[in-house]
Amino acid sequence: MKSRVLIVDDDEGVRALYQTELSQAGYEVQAVDSGAAAVSIVENEKFDVIVLDIEMPDMSGIEALSHLRRICPETPVILNTAYNTYKQDFQSWLADAYLMKSSDLEPLKEQIRKLVNRGEQLSRK
Amino acid sequence: METIATEKEKSFIPKYLTGALNDLGIGAFALDQNGQISGINRAGREILGLDGSDESAGTNLEHIHQNLAVNLTEARSKLSNGHTHAMVYGVEYDDNHGRPQCLDICCLRADDDGTSEQIICFLRDLRRSHRVSDDELHLRQELKILSDVAAALSSSTELVQLLKVILTGATAAQGLGFNRAFLFLHDERNNTLVGHMAVGPRSAEEAGDIWSNLDSMRLSLEELLDNNQRKAGQLSDGLNELVDDFRIRIEDDSAIGRICREGSWLNLTIDSSVDPVTASVARHLGADAMALVPMVSKGHLMGLLVADNQITRRPISDEAVELLQVLANQAAVAMERARLYETRNQKRIELEKTNRLLAETQDQIIRIEKMSVIGELTSAIAHELRNPLTVVGGFANMILKSGTAGDNQEYLNIIATEIRRAESVLNQVLDFSRASKGENRPIDFSQLVQRSLELLRGRMSGKETPVFASMTDEPLIVYGNYEQLLHAVYQFLKLTAEDLVPPGEAEIRTERREGRALLLIRILCTDETRDKVRKTLERIFSQNRTSQRLTILVAGETIRYHGGNIGLASGEDCPPSLYMELPLMKESDR
């Protein structure tokens, strides 16, 4: 069974890129364009990793993160942003990883792979 | 009563008239055409201060007081020319002994036939004619002294000048005439009187020299006060050594303590009944008797004036001490005024300094605001650019990896490379943007450079950084935003290590130069590569900012916002060099 990744980003191009790249990497990918949509979907579906943008119009990624932690505390979240300043925000510590957006998607894929493996090891225990 | 006229008197005034004029205290004398006194009666000699012999006839006008001589010369000239038959003047002046004189003068031609140019002059001593008593005269003299001293005191707000006036007034023959005077100022914190200045001779021999010299100068008190005020330094070096830093503890049970508390003077002869503190002061000053006068203004003790007649041994009268007290009170008020003036001056200087600091702070706030706006702006731009770069670059990479690029592979490679470069610049801009949020604080410039070097070595992971550093041990404290400056210095060093040095080496050092912290980078290249390095540098630090590299532009602006500068060090024969300078923080602002 494929691992499921949820992409949360208001930029259509980013969603398309991540969806294509991660699908090719063997993941089942679902993408939403807002924090509110992400909160809504995780109430009904289970994901192995969530890739969350921070700067979004209706609900910021940081705010969405606190909801996600309440709804599905076991699902790892990667904060993925254009800014480097949020790394200093203590609320971003709730995330499992913090990555700056880049055209080089290898670091993102590597991080997803690590978190999926960790989740699988935990569920086996 | 003498009524017999001298031979000379006989020659120009009838005998009966000479006696009557002497009795009335009216001086009479004749002036010849050469301006010489050809005959004078006794009253005239007394008024003019000439000696009592007949030899005073023949005295030239130059030998009598200048104020009087001017009038007599003018009268002789006008009468001789026939302009008038009589001239009358009123003259006031201080004589050679500093005594005020007040005369009426009447000059007449001695004949009308034109055969002689002799002028007869009559002098009336108004003090005598008004029957001014000795007491009144004495009072007048005292008032004159006080008035002269008051005028001198009001002419200055400098403490040293005021102290000179007080001491001169107390010791001048034309003033109160004490032999020596010592001035002690009140040190409130330690409740002591501290010796400050003194005037007077150290010995009888010195006194002879000083006093005869002063006497020959024939100065009025006003002139003497003016002279001494202008004189640089102390009035009397030797005697000053006696009081320099000499401290008198103000103790309640001592005579000095009592008069300072009560504000009243003391005319003291030193004997066994005198308390130990006061006796030790007398012993130190070498005085057998002394006048002690506290200087008080509005109930506030300013100091103590001590005067004596140790050289002449003349007894000190209570009247003289009383007058000294009046003088001391005037001086105390002047000193208080000088103190207030000094305080006001200090406040003005402080206010000016505060205003200057305020202006600098305002300037700095504007700069910080500007930097903050730039920070926010760059952050927003970075965000807007980041997503398209990620998407374009990401898809280019994806196609490249898929192997489906075909003929477009070369172009896709260029797109991917340029996107990576753009992302790198974006990261630097974001670093700067993050840095602009920091607070300003004092920074050790050498440590900042050292930290930037460590960062550079860390990021160049594994590669050898061909940069040799030597930091000055002297603390170079600058003021600013640490993160911003670190970013700027880092970019500066990164440029050196990556673009300028290979295949050579660079030598960097920090130093203090003319109130600024300086970072100097010398590129140690070969003769062959020197021109190339120079050209690269000239391009990077081009005056045309649009062609400058973004990181250097931002670093340069950061340094300039902090009041510093970056650029190329000049010198054709020297190795190509870069410099960065920042203003050092003032000690007083730390």
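Read the figures in this text as sums done on the coordinates, not as results from a lab. Given the structure is predicted, the values throughout are model-derived calculations rather than measurements. Because the Cβ atoms are built from the backbone with ideal geometry, glycine has one as well, and the counts that use them run over all protein chains shown.
Quick look at the numbers
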| quantity | calculated |
| --- | --- |
| The range A:18-112 - Kirkwood radius from inverse mean 1/r over Cα pairs (Å) | 13.6 |
| The range A:4-124: relative contact order in percent, alpha carbon pairs under 8 Å with at least 6 residues between | 22 |
| Net +/- balance of residues flanking B:N345 in space, Cβ distance below 14 Å, scoring K and R +1, D and E -1 | +2 |
| Two-site label geometry, B:E62 and B:K353: point separation in nm, points 7 Å out along Cα→Cβ | 5.9 |
| Computed label-point distance, nm, for sites B:R337 and B:S470 using a 7 Å Cα→Cβ extension | 6.3 |
| Projected label distance in nm at A:A25 and B:R261, using a 7 Å step from Cα toward the beta-carbon | 9.4 |
| Ranked packing of B:399-408, B:282-291, B:304-313, most packed first, by mean Cβ within 10 Å | B:304-313, B:282-291, B:399-408 |
| Over 27 Å (Cα to Cα) - which of B:K494/B:K532; A:K46/A:K125; B:K144/B:K298; B:K164/B:K586; A:K101/B:K532 fall in this group | B:K164/B:K586; A:K101/B:K532 |
| Per-residue average of Cβ from other chains inside 10 Å of B:480-486 | 0 |
| Within 10 Å of each Cβ in A:16-23, the average number of Cβ atoms from other chains | 3 |
| Length added when fully stretched, B:N427-B:E46, from 0.36 nm per residue minus Cα-Cα | 126.6 nm |
| Qualifying trypsin sites (Lys or Arg not before Pro) for the range A:38-74 [loop in DSSP, other Cβ within 10 Å: at most 14] | A:K46 |
| Calculated FRET efficiency for the pair B:D209/B:Q33, C-beta based, R₀ 56 Å, to 0.05 | 0.85 |
| Estimated FRET transfer efficiency (B:L126, B:E511; beta-carbon r; R0 60 Å; 0.05) | 0.15 |
| Protection proxy ranking of B:444-456, B:268-280 - average other beta-carbon atoms within 10 Å, highest first | B:444-456, B:268-280 |
| Shielding of B:395-401 by partner chains, average beta-carbon count, 10 Å | 3 |
| Stretch gain in nm, segment B:V88-B:L139, where the contour uses 0.36 nm per residue and the Cα spacing is subtracted | 15.5 nm |
| Volume per residue of the C-alpha convex hull in the range B:136-342, rounded to whole Å³ | 118 |
| Positive-end residue, the range B:136-342 charge dipole about Cα centroid, Cβ charges, pick of B:L301, B:I256, B:S155 | B:S155 |
| Full-extension gain in nm, B:S147 to B:Q346, via 0.36 nm per residue minus C-alpha separation | 68.6 nm |
| Proximal charge balance of A:Q19 [Cβ under 14 Å; K/R count +1, D/E count -1] | -3 |
| Percent RCO, i.e. relative contact order, over the range B:136-342, from Cα pairs under 8 Å lying at least 6 residues apart | 25 |
| Residue-averaged [θ]222 nm for chain A, counting only DSSP H segments that reach four residues, each worth -39500 (n - 2.57) | -13000 deg cm²/dmol |
| Neighbour-limited loop hits for GluC sites (Glu not before Pro), the range A:1-109 (at most 12 other Cβ within 10 Å; DSSP other than H, G, I, E, B) | A:E43, A:E45, A:E74 |
